[in-house]
Amino acid sequence: MNIIRYIIQKEFRQIFRNKAMLPIIFIMPMIQLIILSNAATFEVKNIKFGYIDNDKTSFSRELVEKFNASTYFNVLSDYPTAKKAKSAMLNGEVDVVLEIPQHFSRDLIKEKKSDLSVTINAIDGAAAGVENVYVNQIVQQFNSKIRVGLMHLGTPEVQPQLIETIPLFWYNETLNYKTFMVPGILVLLVTMITLFLSGMNVVREKEIGTLEQINVTPIKKHQFIIGKLFPFLILGLVLLTVGLIIAKLIFNIPMVGSILLMYGYTIIYILVILGIGLFISNYTDTQQQAMFIAWFFMVIFILMSGLFTPIESMPEWAQILTEFNPIKYFVQVMRMVMLKGAGISDIYPQVLKTLLYAVAMNGLAVMSYKKFS
């Protein structure tokens with residue numbers, strides 16, 4: 001135990017002695033959490049909207065006004081012709097163009113129907129799909145209002161029956177995307193820092209030549225590994241603490257579940273990441289190699305974790321591969337515990353899989369480490 005404690009103390013002194021590394025460990029993750037949580041959003045706002053009003057009646061003006069009143073659309077211009085609207089979309093000046101045909105109001109009154117033309121810039125397919133939903137919602141609201149007015153004009157004795165739906169939003173009542181993104185980004189930062197530091201730690205000993213000196217000492221393999229990796233477990237928990245404080249104070253993210261449960265699962269998860277980092281360091285000779293390999297796996301893990309895109313939308317083969325992605329389980333647990341108040345029984349599958357992952361990765365890392373007999 002004295003040897004392990006000495007190695008741990010040595011590692012902490014080495015970390016805090018490096019003045020250039022301290023901002024990377026503590027300051028940069030906080031800045032990244034604040035910036036990414038505000039920038040990474042699924043919401044589509046400030047949609048550049050243009051229209052062609054060939055009818056120029058009170059009905060057409062009312063329809064345009066509904067788009068103008070929406071918080072999602074930024075009504076920019078009334079184009080005189082479809083050709084000019086097409087040119088504006090080609091130049092990126094407008095994202096959505098609504099064309100209102102001639103005799104729009106007359107057809108609504110006489111024939112009870114009319115057509116609208118909507119052109120959407122679909123280079124970004126996901127954003128175009130959301131914009132299409134927004135347009136349909138506004139048109140349907142306008143349609144419902146017009147139908148009520150026309151029914152009153154045509155048959156005043158018949159009162160239309162309207163069905164009103166009142167949605168109830170659980171776990172994120174304000175529909176704030178930051179509530180969804182902040183826990184995931186916090187997972188990302190904890191993972192990156194602990195993986196990169198642990199992956200480069202042993203490799204650094206190789207580069208500066210101290211590993212050869214350690215080889216001739218009576219230090220045992222498990223003592224060396226525990227002493228080298230334990231400081232990064234503590235650093236990971238410190239990063240989690242700082243991230244949770246920022247999430248609460250700056251973003252007002254609800255923390256419904258048990259804080260102790262989050263820390264307990266995080267310890268198991270960080271053991272997985274430390275095992276991966278040690279495994280990478282065993283097969284690399286320089287810190288650059290360790291960084292590149294760690295980043296290669298990080299990109300795959302992040303994109304297939306459900307952090308930015310739903311796992312359910314992935315192909316079946318990709319969903320199977322996500323079962324081997326530890327970040328997926330951490331993202332799920334953080335969101336379930338923080339936002340839903342999940343207990344240990346609710347996250348039991350994720351805990352079990354992560355624990356098995358930790359045993360497997362650390363076992364492989366220890367076996368592949370052949371510096372000691």
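Considering only residues that are in a loop (DSSP other than H, G, I, E, B) and closer than 18 Å to Thr354 by Cβ, which ones fall in the range 302-321? Spell out the reasoning first.
The first filter runs over the range 302-321 and keeps only residues in a loop (DSSP other than H, G, I, E, B), leaving 304-310, 314-315.
Of everything in the range 302-321, those that are in a loop (DSSP other than H, G, I, E, B) and closer than 18 Å to Thr354 by Cβ turn out to be Met304, Ser305, Gly306, Leu307.
Being modelled with pLDDT under 75 and not basic (Lys, Arg) is true for just one of Thr155, Thr179. Which residue is that?
Criteria check complete, one pass: Thr155.
Filter the range 248-286 for residues that are touching a residue at least 12 places away in the same chain (Cβ under 8 Å) and not in a helix (DSSP H, G or I) and give the result.
So the first thing to find is which residues in the range 248-286 are touching a residue at least 12 places away in the same chain (Cβ under 8 Å), and the list is 250-251, 253-259, 261-263, 265-286.
Ile250, Phe251, Ile253, Pro254, Met255, Val256, Gly257, Ser258, Tyr283, Thr284, Asp285, Thr286 - these are the residues of the range 248-286 that are touching a residue at least 12 places away in the same chain (Cβ under 8 Å) and not in a helix (DSSP H, G or I).
When the residues of the range 104-125 are filtered to those that are farther than 13 Å from Ile146 by Cα and small (Gly, Ala, Ser), which remaining residue is modelled with the highest pLDDT?
Ser117
I'd like to verify a number: residues in the range 348-373 that are in a helix (DSSP H, G or I) and either surrounded by fewer than 14 Cβ atoms within 10 Å (Cβ to Cβ) or at pLDDT 90 or above (or both), how many?
Here the count works out to 17.
Of the residues that sit in the range 99-144 and are farther than 30 Å from Thr309 by Cα and aromatic (Phe, Trp, Tyr), which one is surrounded by the most Cβ atoms within 10 Å (Cβ to Cβ)?
Phe104
May I ask you to verify whether Met291 is touching a residue at least 12 places away in the same chain (Cβ under 8 Å) and open to solvent by less than 20 Å² (accessible area, probe 1.4 Å)?
For Met291, the condition - touching a residue at least 12 places away in the same chain (Cβ under 8 Å) and open to solvent by less than 20 Å² (accessible area, probe 1.4 Å) - is not met.
Does Ser37 meet the test of being open to solvent by less than 90 Å² (accessible area, probe 1.4 Å), touching a strand residue (DSSP E or B) at 6+ places or on another chain (Cβ under 7 Å) and either within 28 Å of Leu186 (Cβ to Cβ) or modelled with pLDDT of 70 or more (or both)?
Numbers: open to solvent by less than 90 Å² (accessible area, probe 1.4 Å): yes; touching a strand residue (DSSP E or B) at 6+ places or on another chain (Cβ under 7 Å): no; either within 28 Å of Leu186 (Cβ to Cβ) or modelled with pLDDT of 70 or more (or both): yes.
So Ser37 fails the test.
Please verify whether the range 72-90 includes one or more residues that are open to solvent by less than 40 Å² (accessible area, probe 1.4 Å), touching a helix residue (DSSP H, G or I) at 6+ places or on another chain (Cβ under 7 Å) and part of a helix (DSSP H, G or I).
No: zero hits.
The values are calculated or read from the model by the stated rules, or taken from the named source; none is laboratory data. What you are looking at is a predicted structure, and each value in this text was computed from that prediction instead of being measured. Cβ coordinates were reconstructed from backbone atoms using ideal geometry, including for glycine residues, and neighbour counts include every protein chain displayed. These area figures cover heavy atoms from the full protein model, side chains too; ligands, DNA and RNA do not enter into them. Shrake-Rupley method; radii C 1.70, N 1.55, O 1.52, S 1.80 Å.
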